[in-house]
Amino acid sequence: MVRNHINKMLDELPEKELSPIFWAVREIYDRFQFQIRFQEKGVVVSEMESRSQALIEQWDRSFTAQISEEVKSAIHYEQYKWHIFSFEIQECLQGNAAREAFDHIPKDDVYVMYQNKPNVQLYKNAQHILAEDFDTEQDIYIFDQSFKWTYIHTHEDMCGPYFYQAGNKRTGRDGEEG
């Protein structure tokens, strides 16, 4: 029924008005496909509303404890947390090496957060998720419940993805030694 109403309205609009509608529908479609991908893998997603702020703050403490506030300010950390990796302040794996590390690290339950969004999600039964599952996402941070590693997919094709694990001494694009 709704589809018929939408189709009728679309049929009456001139072609030049359809582009913004296409992109709005595309965004809804991509979000739907993103959700379906995880359902098919048996992942259960839940909102961590009451704990989100604490989890975001713990991510900051866990992955940037040794980085001064002055450096964070200079690299615009609050704009994009992943600048600690793109500015090579924090050593990490990048590109394909980051994707492979994420694909192979054991993960049952992981947290997922987005830059500038207040809620963190818990992905339970996440052992089958892969880096490619997040290719359509922008500025997404995935991390384990122990805050020992994090994987980040940015909105920039030239930046990332990044994988950081506590004690990881490798850095550079595709895992070259740093």
Of His76, His83, the only residue that is without any contact (Cβ under 8 Å) to a residue 24 or more places away in the chain and on the phi > 0 side of the Ramachandran plot is His76
With respect to Asn119, determine if the residue is under 16 Å from the mean Cα position of the chain (by Cα), surrounded by fewer than 19 Cβ atoms within 10 Å (Cβ to Cβ) and either assigned by TED's automatic domain parsing to the domain that holds His153 or more than 15 Å from Phe147 (Cα to Cα) (or both). yes
Segment 97-116: number of residues that are crowded, with 17+ Cβ neighbours inside 10 Å, of a type outside the set (Phe, Trp, Tyr) and touching a helix residue (DSSP H, G or I) at 6+ places or on another chain (Cβ under 7 Å): 2
Restricting attention to segment 154-178, which residues are at pLDDT 85 or above and within 19 Å of Pro106 (Cα to Cα)? Pro161, Tyr162, Phe163, Tyr164, Gln165
Any helices (runs of 4 or more DSSP H) falling wholly within segment 1-101 and containing at least 1 residues that are within 16 Å of the chain's Cα centre (by Cα): 18-40, 52-64, 83-86
From the list Gln94, Gln79, exactly one residue is within 19 Å of Glu156 (Cβ to Cβ) and either surrounded by 13 or more Cβ atoms within 10 Å (Cβ to Cβ) or outside the structural domain of Asp157 (by TED's automatic domain parsing) (or both). Which is it? Gln94
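The values are calculated or read from the model by the stated rules, or taken from the named source; none is laboratory data. These figures come from a predicted structure and were not determined experimentally. Note: ideal-geometry Cβ built from the backbone for every residue, glycine included; neighbour counts use all protein chains shown.
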